[in-house]
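First the structure, in the form of structure tokens, and then the observations on it.
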Amino acid sequence: MDKGLTPYLLTLAPVVMFIAFMTGPDEVRGQDYLDWLKDQSLTMMAGGTIVVTIGAVMMFGGWFVLTQDMMAKSNKSQQDLLMLSRVALIFPMVLLLLATGIDMENWWVIDEGVDDYYTVEEEEAIVLNNHNVSSYIWGTMPITWAIGLILIGVVALMDNKKDNHSAQWVFAGPVVTGLGLIGAYWFEPLWLFFMVAILISLPIGIMMLMGKLDYLYSEE
């Protein structure tokens, strides 16, 4: 049974994303961030940007293609919820890629300079301002990411095949993770639910590869 790329994206995306995070800076500010940029080569910065971009496209794209797979056997209400989940998942992907792009551009300003219009001090001020902006644009990201995961999980659990396919309960994972992302505004730590949100596609992808979720495609 042809499952397409869906299980591979869901399984491999978390691995690629964690590799990508290893190439980025720790939580640094001010002069420490400038020093980190100055220590990076073009190969390291470009490579890290490419890995993060590929990982983000794989991670969120995996959920997108999963919703496409689920569409065929869903009723109109479920299809509408799946479409809304896609809308919600676009925003965190854009924010993640925006922050990554800003780091790349900051390196370019520090390493290459901005024509002859700015002094070194002015260029460093521009970089620090850009970094501060990218560090504080995440306010609604957990909510939109959470909504996307919750909607996908709810649609999967709405199916009446749970008694015949106990493996379907794996979709409770995205629901719980989404609720955790929202609840983390009040109950720390938020970073823990970010990690879980990245990893939560892994068991679904593995179960698809094992054939446990073939009912998503079959006519039984």
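Checking MET70 against (1) in contact with a Gly (Cβ under 8 Å, 6 or more places away or on another chain); (2) at pLDDT below 90; (3) closer than 25 Å to LEU181 by Cβ, which test does it fail?
Unmet for MET70, out of (1) in contact with a Gly (Cβ under 8 Å, 6 or more places away or on another chain); (2) at pLDDT below 90; (3) closer than 25 Å to LEU181 by Cβ: (1).
I'd like to know if the range 29-44 contains one or more residues that are assigned to a loop (DSSP other than H, G, I, E, B), touching a residue at least 24 places away in the same chain (Cβ under 8 Å) and within 22 Å of ILE110 (Cβ to Cβ).
yes
Kindly provide the set of residues from the range 113-133 that are at pLDDT below 85 and either among the polar types (S, T, N, Q) or in a loop (DSSP other than H, G, I, E, B) (or both), ordered by number.
Residues satisfying the conditions are GLY113, VAL114, ASP115, ASP116, TYR117, TYR118, THR119.
What is the one condition in (1) surrounded by fewer than 13 Cβ atoms within 10 Å (Cβ to Cβ); (2) touching a residue at least 40 places away in the same chain (Cβ under 8 Å) that ALA88 does not satisfy?
(1)
Does LEU37 satisfy the condition of being out of contact with any Pro (no Cβ under 7 Å at 6 or more places or on another chain) and modelled with pLDDT of 95 or more?
When the stated conditions are applied, LEU37 does not pass them.
Return the pair list, or none, for Cβ contacts closer than 8 Å from residues in the range 54-67 that are under 18 Å from ILE206 (Cβ atoms) to residues that are crowded, with 23+ Cβ neighbours inside 10 Å and of a type in the set (Val, Ile, Thr), at least 6 apart or on different chains.
GLY62/THR6; TRP63/ILE152; VAL65/THR6; LEU66/THR6; LEU66/ILE152; LEU66/ILE204
Any chance the range 51-73 includes a residue that's surrounded by 18 or more Cβ atoms within 10 Å (Cβ to Cβ), among the aromatic types (Phe, Trp, Tyr) and farther than 30 Å from MET158 by Cβ?
The answer is no, given that none of the residues of the range 51-73 is surrounded by 18 or more Cβ atoms within 10 Å (Cβ to Cβ), among the aromatic types (Phe, Trp, Tyr) and farther than 30 Å from MET158 by Cβ.
The values are calculated or read from the model by the stated rules, or taken from the named source; none is laboratory data. Since the model is a prediction, treat every value here as computed from it, not as a measurement. Note: ideal-geometry Cβ built from the backbone for every residue, glycine included; neighbour counts use all protein chains shown.
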